[in-house]
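Everything on this sheet refers to the single structure shown next.
The values are calculated or read from the model by the stated rules, or taken from the named source; none is laboratory data. Nothing here was measured: the structure is a model prediction, and the numbers come from that model. Backbone-built Cβ (ideal geometry, glycine too); neighbour counts: all protein chains shown.
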Amino acid sequence: MGRYIVRRTLYGALVLLGVNLATFFLFFSVNTPDDMARLNIGGKRVNQEVIDKWKAERGYDKPLYFNPARQGAERFTDTIFWERSVSLFALRFGRSDAESAGDIGHEVAARMWVSLQLALPLFVLQLIASTAFALLLALFRHTRLDFWGVVACVLMLSISSLFYIIVGQYFFSRVLRLAPISGYVGGWDVLKFLVLPIGLSLLARLGGEARLYRAMLLEEMGKDYVRTARAKGLSELAVLYRHVLRNALIPIITSAGAYLPYVFLGSLVFESFFGLPGLGAYIIEAIGKQDFAVVRTMVFLGSLLYIVSYILIDVAYTWADPRVRLA
Amino acid sequence: MPKFVLLWTDAAMWAMALALLAYVLTVLRRPGLRASWARVFADPAALAASVLLLLSLLITLLDSVHYRPRLPAAAGADATAYDTRTHSLLDALLVRLVDSREATYSRPLSYLGFTKESVELDGRLQRVAPRLQFGGAHLRDPQREWLADLAWRGALGLLAGAAIAAGLSLALLWRVGRARRLPWRQGIASAWREGPVRWRVACWTLGVLGLLAGPPAMWAGHYHVFGTDLTGNDVLYQALKSIRTAFVIGTLATVATLPLAVVLGILAGYFRGWVDELIQYLYTVLSSVPNVLLIAACVLMVQVFIDQHPEVFETGAERADVKLFLLCTVLGLTGWPGLCRLLRAETLKLRELEYVQAARAFGVGDARIMRRHVFPNVAHLMLIVTVIDFSSLILYEAVLSYVGVGVDPSMNSFGGMINLARSEMSRDPVVWWSFAAAFAFMVALVLAANLFADGVRDAFDPRARVSRARLAWRKANP
């Protein structure tokens, strides 16, 4: 297991390097730093002098990959690639491109906790709610309850999450005044700001996930060991909980794990709609302001989280299914 | 003669329509495929959904013929000038809706404006809602006539809708009956009652659609059925135009994933070894970046390029269209890993099967084995994933538009409508009709796509049938 994790980590580092190279190429070769400067400064006051100043402030005035003006190792380290791309591995994110914004690392550290507050309870509740609903449908399979449950799932997954948010905000915040429309405070008071986004996000994803999990459960239920368990005289509930659920847990963990990176990155749309100052809202702001430094950083962070979560999922397999041996 | 404009997405959509036609002809010739598709349409939900999708496709194709009308020649000018705005055939059909701009918001089917204006009445300054320029303008005494006018137009619409639906249904049944080589009356009766494909479901769907669309079509000539937006544009028109955007994204972006996914997936599974390692590395890199971020990064770069080179595009519509086309390409280039992984796994299984081994023993080349023996046996996966992705991409477009990397703001799309609706819903009194229209159209389209995708998956993937709620239910309650 230890060796497996080491190997996966090394492969993850290789993947991260690929992501890094690809992003750098995408951001600096398609458009020159001059183009970015012009776009970011915007308006009429663009001249070469302003552009040069903008580039110098952010360290974009260096050569891309190789600096012939320097000596020794500095030929490689005193370049945009080294300072803005390789440094990400040391989690040094540098300054953002926008005029007023400051250090990205500082923002990320502060905003990560907000995202966690939203996404961690959401992740756990989502898993519980979807699995519970799927279990209910599987228990009452081939009945009216199951049929209409699946119909409801299909209907729910055909509705864009934006509709849930807008209707939910309108209904619960404006008409019923149960929760504030948007905003954020520190401490325990944050709960009342989190209830609505968590509830609506649960609802928005319930249909798709419950249907998927139901299919996974039913596939397990068709197997021989289930018939054996029933033949032993076990009750349907015991079969479902002790046998089927344990075995269906592997595909469920895999599909739920795909959301794990977003536990840290936060849900983009929900954070932005509910005015939560998390990483998701940060990304949307950065895209709106065309702040490429932030977008590059978030691409890197996102893939880092993805790789870490996949290693975690693999470890979770061994817990869910003792037959799985990682080697 | 107007000047015809072939936009990039137009060309792509027509190519797609031709490809669809070619596929239909292929299906008709091959008994195996034909049986699978008969299973798809034997599912009533899928059949009903495909009627709706076909209708949307029709609207999309109508909206994919663009031209710039010729302007009346100015005195003394020799050269013919063309309008700077690009119209489509759909615009020409809905010309009344395009030309019927109000000043600002108005409620659905209303004859009064939404916002009150100060008007001098009987020597006093009063706040009254003004009459609309277009909505209900034909009414002389709207307070008395309005309801009756709506009622008789609605009734007429219902009748017309029912009549058109009945006509189309009869034509469909007649065609099916003729294919069964029956005289026309028995043919129609047999098509209605018998057969694995329940054609009467299609007829019922047509009927419901006719009844739903009839009254609005009648009202649309004299009212704004879904009201107007902030700038006074008809919301129904926007919703109809958004169908094309959704369709283009749903189809183009999924089709754009196919070449990479199919070629790389089969290569990786077939050759294994270092080819497999390399391709796996490629798609792990791509899929390790959260999708929205990857798309945002690519779209931002495209945007910078377009902003730096404005001279390439003749009109605003062309620029918006190229952006849409590039968005689909980006979605395609970032979306292939999922299907690629599936195809690789399937190919790994297939390459060990006897018929592939036999082909290899006979000395058939690798390329030929992949084309003739592997590809046809993974094609069903391709089809299933394509139809499933279609609906999720329509939903995705709304999110991307919200994030700011979606379609051009000048192009009508459901995402754009929802975006505007967000601020409208927080007004007091609330402006709900744009939101409601986007909701109704989008849910109908996505639901139809989902039901169709379910039907396709059940018919082509025998494993999926285990979890089918409908079939099992019918067996339990005959």
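Of note:
- Residue match in the stretch A:119-142 (condition: within 18 Å of A:Leu301 (Cβ to Cβ) and either in contact with a strand residue (DSSP E or B) (Cβ under 7 Å, 6 or more places away or on another chain) or surrounded by 14 or more Cβ atoms within 10 Å (Cβ to Cβ) (or both)): yes
- Every residue from the stretch B:413-440 that is in contact (Cβ under 8 Å) with a residue 60 or more places away in the chain and within 17 Å of B:Ser392 (Cβ to Cβ): B:Ser413, B:Phe414
- Flag set for A:Leu202, criterion: assigned to a helix (DSSP H, G or I), buried (at least 16 other Cβ atoms within 10 Å of the Cβ), more than 14 Å from every other protein chain (Cβ to nearest Cβ) and not aromatic (Phe, Trp, Tyr).
- A:Ser87 being over 30 Å from A:Tyr65 (Cβ atoms), polar (S, T, N, Q) and in a helix (DSSP H, G or I): no
- Filtered by the rule that a residue be closer than 19 Å to B:Ala448 by Cα and of a type in the set (Gly, Ala, Ser), the stretch B:240-274 gives B:Ser242, B:Ala246, B:Gly250, B:Ala253.
- Boolean, A:Arg323 is within 12 Å of chain B (Cβ to nearest Cβ) and either in contact (Cβ under 8 Å) with a residue 60 or more places away in the chain or outside any helix (DSSP H, G or I) (or both): no
- Residue identified as of a type in the set (Gly, Ala, Ser), more than 17 Å from the chain's Cα centre (by Cα), assigned to a helix (DSSP H, G or I) and surrounded by 14 or more Cβ atoms within 10 Å (Cβ to Cβ) among B:Ser56, B:Ser50, B:Ser36: B:Ser36
- Entirely in the stretch B:384-478, the helices (runs of 4 or more DSSP H) that have 3 or more residues that are modelled with pLDDT of 85 or more and farther than 29 Å from B:Val292 by Cβ: B:433-460
- Count of the stretch A:90-132 residues which are in a helix (DSSP H, G or I) and of a type in the set (Ser, Thr, Tyr): 3
- Test for A:Glu219: is it within 12 Å of chain B (Cβ to nearest Cβ), within 20 Å of the chain's Cα centre (by Cα), modelled with pLDDT of 85 or more and surrounded by fewer than 23 Cβ atoms within 10 Å (Cβ to Cβ): no
- Exactly one residue among A:Gly149, A:Gly208 is part of a helix (DSSP H, G or I), among the small types (Gly, Ala, Ser) and crowded, with 19+ Cβ neighbours inside 10 Å, and that residue is A:Gly149.
- Residue within the stretch A:36-49 that is basic (Lys, Arg), touching a helix residue (DSSP H, G or I) at 6+ places or on another chain (Cβ under 8 Å), away from chain B (no Cβ under 14 Å) and crowded, with 16+ Cβ neighbours inside 10 Å present: no
- Scanning the stretch A:268-307 for residues being within 21 Å of A:Ser161 (Cβ to Cβ) and more than 10 Å from chain B (Cβ to nearest Cβ) gives a total of 10.
- Inside the stretch A:153-164, residues that are more than 7 Å from chain B (Cβ to nearest Cβ) and over 19 Å from A:Ala129 (Cα atoms) make up a count of 0.
- Only a single item in (1) surrounded by fewer than 19 Cβ atoms within 10 Å (Cβ to Cβ); (2) at the interface with chain B (Cβ under 8 Å from one of its Cβ atoms); (3) over 22 Å from B:Val399 (Cα atoms) is not met by A:Val190, and it is number (2).
- A:His142, sole failed condition from (1) in a helix (DSSP H, G or I); (2) without any contact (Cβ under 8 Å) to a residue 24 or more places away in the chain; (3) within 14 Å of chain B (Cβ to nearest Cβ): (1)
- Residues satisfying the stated conditions in the stretch B:273-293, i.e. at the interface with chain A (Cβ under 7 Å from one of its Cβ atoms), assigned to a helix (DSSP H, G or I) and closer than 18 Å to B:Leu400 by Cβ: B:Val292, B:Leu293
- Restricting the stretch A:167-184 to residues that are outside any loop (DSSP other than H, G, I, E, B) and touching a residue at least 12 places away in the same chain (Cβ under 8 Å), the residue that is nearest to the other protein chains (Cβ to nearest Cβ): A:Gln169
- Exclusive hit being outside any helix (DSSP H, G or I) and surrounded by 15 or more Cβ atoms within 10 Å (Cβ to Cβ), set A:Leu245, A:Leu234: A:Leu234
- Taken as a whole, the condition of being modelled with pLDDT under 85 and either at negative phi or assigned to a helix (DSSP H, G or I) (or both) applies to B:Ser190.
- Residue match in the stretch B:84-107 (condition: farther than 28 Å from B:Gly227 by Cβ and aliphatic (A, V, I, L, M)): no
- Boolean, A:Gly94 is loosely packed, with under 13 Cβ neighbours inside 10 Å, away from chain B (no Cβ under 14 Å) and not hydrophobic (A, V, I, L, M, F, W, C): no
- Odd one out for A:Pro261 among (1) over 30 Å from A:Met112 (Cβ atoms); (2) in contact with a Ser or Thr (Cβ under 6 Å, 6 or more places away or on another chain): (1)
- Scanning the stretch B:346-378 for residues that are touching a helix residue (DSSP H, G or I) at 6+ places or on another chain (Cβ under 8 Å) and among the small types (Gly, Ala, Ser) gives a single hit, B:Ala359.
- Test set (1) more than 9 Å from chain A (Cβ to nearest Cβ); (2) under 19 Å from B:Gly332 (Cα atoms) - B:Ala317 fails condition number: (2)
- Candidate set from the stretch A:51-88 (those that are surrounded by 19 or more Cβ atoms within 10 Å (Cβ to Cβ) and polar (S, T, N, Q)); member that is nearest to A:Asn20 (Cα to Cα): A:Ser85
- Complete set of residues in the stretch A:1-18 that are touching a residue at least 24 places away in the same chain (Cβ under 8 Å), over 19 Å from B:Leu286 (Cβ atoms), surrounded by 12 or more Cβ atoms within 10 Å (Cβ to Cβ) and not hydroxyl-bearing (Ser, Thr, Tyr): A:Ile5
- Selection count where residues are free of Cβ contacts under 8 Å to residues at least 24 places away in the same chain, surrounded by 21 or more Cβ atoms within 10 Å (Cβ to Cβ) and farther than 19 Å from A:Glu285 by Cα, scope the stretch B:285-296: 1
- Boolean, A:Ile313 is within 8 Å of another protein chain (Cβ to nearest Cβ) and at negative phi: no
- Within the stretch B:405-452, tally of residues that are surrounded by fewer than 19 Cβ atoms within 10 Å (Cβ to Cβ), at the interface with chain A (Cβ under 8 Å from one of its Cβ atoms) and farther than 24 Å from B:Ala49 by Cα: 4
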